[in-house]
Every structure is written in structure tokens, then in C-alpha cells.
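What follows is one structure encoded as C-alpha cells, with my remarks underneath.
The values are calculated or read from the model by the stated rules, or taken from the named source; none is laboratory data. Keep in mind that what you see is a predicted model, and the values were worked out from it rather than measured. Counting neighbours? That spans all protein chains shown, and the Cβs are built from the backbone with ideal geometry, glycine included. Ligands, DNA and RNA are stripped out before the accessible areas are found, and what is left, the full protein with its side chains, is counted by its heavy atoms. Shrake-Rupley method; radii C 1.70, N 1.55, O 1.52, S 1.80 Å.
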Amino acid sequence: MKETIEILKKNDLLRVIDDELDIYLEIPHIAYIEVKKENSKALLFTNVVDKKSGKKFDIPVLMNVFCNERAVKLFIGDGDMIGKEIESLLKMKPPTTFSEKLSTFGKLFSLKNTIPKKIKGKGECQEIIKLGNDAKLSDLPILTTWEKDGGPFITMGQVYTTSLNGEMKNLGMYRLQVYDDNTLGMHWQIHKDSNHFFHEYKKAGKKMPVSIGIGGDPMYIWCGQAPLPIGVFELMLYGFVKNKPAQLVKSITNDIWIPKDNDFVIEGFVDTSKMKIEGPFGDHTGYYTLEEEYPFLEISAITHKKEPTYLATVVGKPPLEDKYMGHATERIFLPLLKTTAPDLIDYYMPENGVFHNLIIAKIKTLYPGHAQQMMHAFWGVGQMSFVKHAIFVGEDAPSLTDHQAICEYILNRVNIDEILISKGVVDALDHSSPKFAIGGKLGLDCTGDEVEESKIKVVEDDELLNKMQNICSDIKELKQYFINTKNPITVISVDKKINQKKLFESLNPLYENMKILVIVDAANQNDVENSYMLLWRVVNNIDSNRDIFIESNTICIDGTNKNILDNFDRRWPGDVDCTKEVIDSLKQRGILDISDEFIKKFQL
């Protein structure tokens, strides 16, 4: 971490904050706001306190280490270049000439660095060793991010586990709730490797060893969230990208091997016969995930460097630090995705689509139904199987990151006959599906030619709003987007009192004035002028089997919060919101300088 801090300083990517700040809400709120700025920086908090207990920490807290694209390139590298290296390995052919043999040998020789190297003796992460009752989580400046969180939790924990037979290793990133000084929750979801290992130990009636690293090389963090196939140890990716093997030392109280340069290591065992209620916690979806039972770690040791730095991040509404990590992941893993979907040219997962909620893919279409075939391929590939909404465009489409141009391209090709609505696995954090972890899938084929004129009569926003309100007074605001395309979008906000399908049906006389209707709640800070946050809200809130209505030539998307009006039986979670009193206090102390417009823009 000290080297990381120096790199950030050298590249003018670090803001040092010496003000006394609380691990409860204050530090996370500052980091949450900073990463939303255009030229955001990493933050180093040097005067960290726990005001509830009166404890002062001599451990600085570093946040937003992946603060922008430049930081990602500094700590990971150029995603496109790394992706090309992977692609060249995947396409490697038997050499025929001497020069080709040398080139092939060089590539294969470099792969030796993918295998982590086990080092004898202790690492820097074990300069200080605390065992048993001396190993206290309260000695670490673990943050409480949101007011309604179930407690403090570790946000940048590198969770190292191994299969029962020791043959498979895994590095994952999971939410880790602090219950007390010696107990830490393990929020590994049903599809995670660590959860698979857990069930092996449970079936055998054995405790499961776990070690958790914090800090060290930032690359460990990115590796921990990389969508590698089951059974591939994530630190092999570290070796491939860095061209040097990760160096590991054995934990003090279990047999897990961890990077020698971690700032902290928390060791222990999970009793597979016991569970605890975990949560609620604000999550990267921008909503609170509700309370559920999860395993927990009984801590046997905490080790650390003599002068450690505590690394953390913050989750909530986009944009966040995962925006920059996610974009690197897209570039690097494109060649691997092409092995399953060979006609894929490019793909893009907008951060305000919370990654797994929306993907746009550019493909080379070769025959009728090709896009639909690709949809099913995506929904059957590793972590891509959790994607809820997939839009496919042709190879003539503009850059996928040119938002204006790609939206116009898509809207000129939306064809009701080319919409695929299916059902499958969704992320465990998804709150909109009627059942846990299974819900609607939407595939949109926009690979063909532009559709015919929509034959609708576009009228001014005020006129259309007035017509709607004459039909239903629940409608409060209206904004039309992309009226120059074949499929204009009309967004309305409502004071929801009825099922929105009934509202859509009541608007039948106005179908001649709209092609795609999107409905959101007037509450929850929704602003029909804020397209960035509208996309975030809608893709979070819809299940395509329940919330898409098609009548005649008009499509309706119900992006409202669901309740008994929708026969929705699950508890709908609340938004992740900053605590106003904390924001006001930080502004008064001159630590935050943000406008009301900024607060409204990002629905803080």
C-alpha cells in the first residue's frame, strides 16, 4: 500500500485528508461523493476515529484506489493490450519456422509466471501476529457505510479458500460483516466457488479454513472480482498480467496461502453447521440487500505489517469505483467470451446498468436467428448467465460507448417481433424478480435494417402530459427522448395507486402518440430529466416476464417499485441514500464542496 500511495501521489491521483473523520458514515460518504466527480482521486484519510467508542486509529484508510481510467492502467495495465495477449495465446498455432518457434517458446515460457510461488518463512503481512482473544476486529478501522446497514463490514477483503481435497484454490471478494471482535460474516452467494467449497466441507462434517487479505498490491482486488471459469485460481491471472508470479506465504493458524505483501490478514475457520443472519446492507445495485442467513468465520488470528494501511471502497448508486474496474474487465475478457460466442465483435456493460442488469453486444450476423442464438449463449456462460437485459447490434453499429449514437441506432431497429422474453438465473442481489435468484430475461435483436416509420404523431411534452392527466391524474411528469428515431421513448412518473398495466391500457387513445412508454414512481428522487439515473432505476426494477406490456404497436415498461398491486410477495428494498445530517456537517466543516445540483444528479 505504501508503494501504491506513492504511485498515486506521483501521478496527482491522491487527495490526503488530515481532518478527524469517523469510520461511521463520514469517511464512506466522502469517498462515495469523490468517485462521482469527473476527475476523481483516491483518498487517504490520516486521522481516523470511531466516535462511538472514542477510539483513535494510528492506521490510515485508503479509498477509491481505482479512482479513474488512469489509475486502472497504472495498477492493472492497458485492458485492450492484455486482451490482445490473451487472444494471441488462444489463437496460437503450431510453429513452422524458426522465428515462429522462438516466438511461441517465449509466450509459453512467460506462462510459468502464472503459477503463484510459495515462499518459506513469514511475509511482511505477518510482521505483527495476534492470536486468539488478542486478535480483535475492533483494532481495524472497519467502516459502516450506510445508516441502515446491519453493522460495519469489510469492503475490500480478498477471501482465500480451498476445496476440501486441496486441489482447487479461489480468491473472491465478498461482503464481510463484523458481528463482534472475533466473528465475521461470509456473504458468498450461491454461484461463488467459495460457496461450492463450503458445501464440500459441510458434507464432510469439517470446519472450513479461510484467510482474508486486506491491502497489498491493488491487482489482487481486481483479480478477486474477475469472471474466471470455475477452478481457475484468480492469482494465476495476477501472474499473467504482471508477468511475475504472486508470492505467497502460509497462514499462521490454517493451511491457506496468502500474498506476502498484504497489509492485514484475518485467519480462521467456518463452522459449516452454523449460520447467522447477515445484513441488511447497501449494495452495488444502489439498493439495500435484505437480511439472509450466511456462514460466518470464527477468527483464530489477525496478522499485519508494522505500519499497515487499511484499504476500503464504497458501494451504492453509480458511478462508483467498480465502473473503472468493470471496464478493464470488459476489455481483458473479451477474447475469452469470444471462445463461446465466436461471432461477438465487442460488448459493453454500462455502469448505470449495474453491469449484470444490461449488456450491449456488437455481433457479426450470418443467418436469421443468429442474435437469438447469441442471447442464449450469453445466458449460458459463467457470470454472463446473470445478465438480465441483452441488446444485440450489427457490425455496422457505432461505438458501443457513444451513448447518443448507439441509442439512436438501437431505437431505429427496435422491432416487437424481434423481442425475446425468457426466464433464467439472475443475480442473488436482484430484488425485482418474483422469486429469489430466478427471473425474467430480455433479449433485443437490433442487428437488422432500420424499421419502417413508426406512424405515430409526436406532440410536445406539455400537450402529451395534459392528455395523459385528463385520463389519469396519477401521472405527474413527462419527458420524451429520441423523438427523431423510429421508436421514441416517453418517460412518465406516477403516484402509483393501481397496477401499471391497467394504467397502460387506459392510455390506449394515446398509443398514436407514443411508441415506447417507460413508467417510474414520482417518489424515490426519480427525475424524468435525468436519463442516467432513469436507466439505473428501470433496469434494476423490472422483471421482463411481469413488467413489459405490448399492445398493438406500443411497448410499455413498468419501472416502478413493486408491491401488492403487482402481486409481488417479496419485500421491496429501499434505496441506498446518504445521511443528510452527515453531508451537511461535512459541508459546514469545509470537507465537502458539492452543490444541490450534484446531490440531485446522483440521487445522493
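Bin all alpha-carbon pair distances of the chain at 10 Å intervals from 0 and give each bin's fraction as a whole percent.
3, 16, 25, 26, 18, 9, 3, 0
I need the shape label for the range 345-402. Rule: rounded when a/c is under 1.5, else prolate if a/b > b/c, else oblate, with a, b, c from the alpha carbon gyration tensor.
Working: a/c = 2.51, a/b = 1.15, b/c = 2.17.
The shape class here is oblate.
If amide hydrogens are placed 1.01 Å from N in the peptide plane, which non-local residues have theirs closer than 5 Å to the one on TYR287?
VAL576
Of LYS317/LYS467; LYS117/LYS276; LYS117/LYS305; LYS364/LYS423; LYS317/LYS338, which sit over 27 Å apart, Cα to Cα? Mind showing how you got there, number by number?
On the way: LYS317/LYS467 34 Å; LYS117/LYS276 36 Å; LYS117/LYS305 20 Å; LYS364/LYS423 25 Å; LYS317/LYS338 30 Å.
Beyond 27 Å: LYS317/LYS467; LYS117/LYS276; LYS317/LYS338.
Could you tell me the relative contact order of the range 461-566? Use alpha-carbon pairs under 8 Å, at least six residues apart, and round to a whole percent. Kindly include the intermediate steps, with their values, before the conclusion.
Working: 169 pairs, mean separation 26.4, N = 106.
Rounded, it is 25 percent for the range 461-566.
Hey, what do the phi angles of the range 539-552 turn into as Karplus ³J(HN,Hα) couplings, whole Hz, using 6.51/-1.76/1.60 and θ = phi - 60°, x for Gly and Pro?
Computed from phi, the couplings for the range 539-552 are 5, 6, 8, 9, 10, 4, 6, 10, 10, 10, 10, 10, 9, 6 Hz.
Please go through the range 467-564 and write out the GluC sites (Glu not before Pro) that DSSP classes as loop and that have at most 14 other C-beta atoms within 10 Å.
Of the GluC sites (Glu not before Pro), the ones in loops of the range 467-564 whose Cβ has at most 14 other Cβ atoms within 10 Å are GLU529.
What part of the accessible area of the chain, given as a whole %, is carbon or sulfur when the probe is 1.4 angstrom? Please report the intermediate quantities before stating the final value.
Details: 12910 of 25420 Å².
It is 51 percent, rounded to a whole number.
Mind running the shape call on the range 337-470? Use the C-alpha gyration tensor, a ≥ b ≥ c as the square roots of the eigenvalues: rounded below 1.5 for a/c, prolate if a/b tops b/c, oblate otherwise. It would help to have the intermediate numbers written out before the result.
Values: a/c = 1.96, a/b = 1.28, b/c = 1.53.
The shape class here is oblate.
Return the loop-located GluC sites (Glu not before Pro) in the range 425-469 (DSSP other than H, G, I, E, B) with at most 11 other Cβ atoms within 10 Å of their own Cβ; answer none if there are none. Let's see the in-between values first.
On the way: sites: GLU450, GLU452, GLU453, GLU460, GLU463; in loops: GLU450, GLU452, GLU453, GLU460.
Qualifying residues, ordered by number: GLU452, GLU453, GLU460.
Would you mind getting the accessible area per residue of the chain, heavy atoms of the protein chains only, 1.4 Å probe, in Å²? Numbers along the way, then the final one.
Numbers: 25420 Å² over 604 residues.
Dividing the accessible area of the chain by its residue count gives 42 Å².
Once you have all Cα-Cα distances for the range 285-347, histogram them in 5 Å bins from zero and send the whole-percent values.
With a bin width of 5 Å, the distribution comes to 3, 10, 11, 11, 14, 16, 18, 9, 5, 3, 0.
If a/c stays under 1.5 just call it rounded; otherwise compare a/b with b/c (prolate if a/b is bigger, oblate if not). Do that for the range 461-566, with a ≥ b ≥ c from the square roots of the Cα gyration tensor eigenvalues.
Details: a/c = 1.22, a/b = 1.14, b/c = 1.08.
Rounded, since a/c falls under 1.5.
Starting from the Cα of THR183, step 7 Å toward the Cβ, then list every residue of the range 273-297 with an amide N under 14 Å from that point.
273-279, 293-297
Around PHE296, what is the net charge, scoring Lys/Arg as +1 and Asp/Glu as -1 over all other residues with Cβ under 11 Å from its Cβ?
Once all neighbours under 11 Å are counted, the net charge is -3.
Over the chain, what is the relative contact order in whole percent, taking alpha-carbon pairs under 8 Å and six or more residues apart?
Details: 1264 pairs, mean separation 74.9, N = 604.
The normalised contact order for the chain reaches 12 percent.
Grab the beta carbon distance between LYS274 and ASN508, set R0 = 51 Å, and tell me the FRET efficiency rounded to 0.05. Walk me through the numbers before you get to the answer.
Details: r = 56 Å, r/R0 = 1.11.
Efficiency, rounded to the nearest 0.05: 0.35.
Stokes-Einstein D for the range 475-522 at 20 °C, 1.002 mPa s, Kirkwood Rh over Cα pairs, in µm²/s? List each step's numbers first, then the result.
Details: Rh = 11.2 Å.
Once the numbers are plugged in, D ends up at 191 µm²/s.
Which loop-located trypsin sites (Lys or Arg not before Pro) does the range 354-389 contain, where loop means any DSSP state but H, G, I, E or B and the Cβ has at most 13 other Cβ atoms within 10 Å? Working shown, then result.
Working: sites: LYS362, LYS364, LYS388; in loops: LYS364, LYS388.
Qualifying residues, ordered by number: LYS364.
Using helices alone, what [θ] at 222 nm do you get for the chain, with -39,500 (n - 2.57) per DSSP H run of 4 or more residues, divided over all residues and rounded to the nearest 500? Walk me through the numbers on the way to the answer.
Numbers: 17 runs with 164 residues, N = 604.
After summing the helix terms and dividing by residue count, I get -8000 deg cm²/dmol.
Using only alpha carbon pairs under 8 Å that are at least six residues apart, calculate the relative contact order of the range 341-446 and give it in whole percent.
On the way: 180 pairs, mean separation 27.8, N = 106.
Averaging sequence separation for qualifying contacts and normalising by length gives 26 percent for the range 341-446.
In vacuum, with every alpha carbon of the range 1-312 counted as one equal point scatterer, what does the Debye formula give for log10 I(q)/I(0) at q = 0.08, 0.09, 0.13 Å⁻¹? Two decimals, please.
-0.37, -0.47, -0.98
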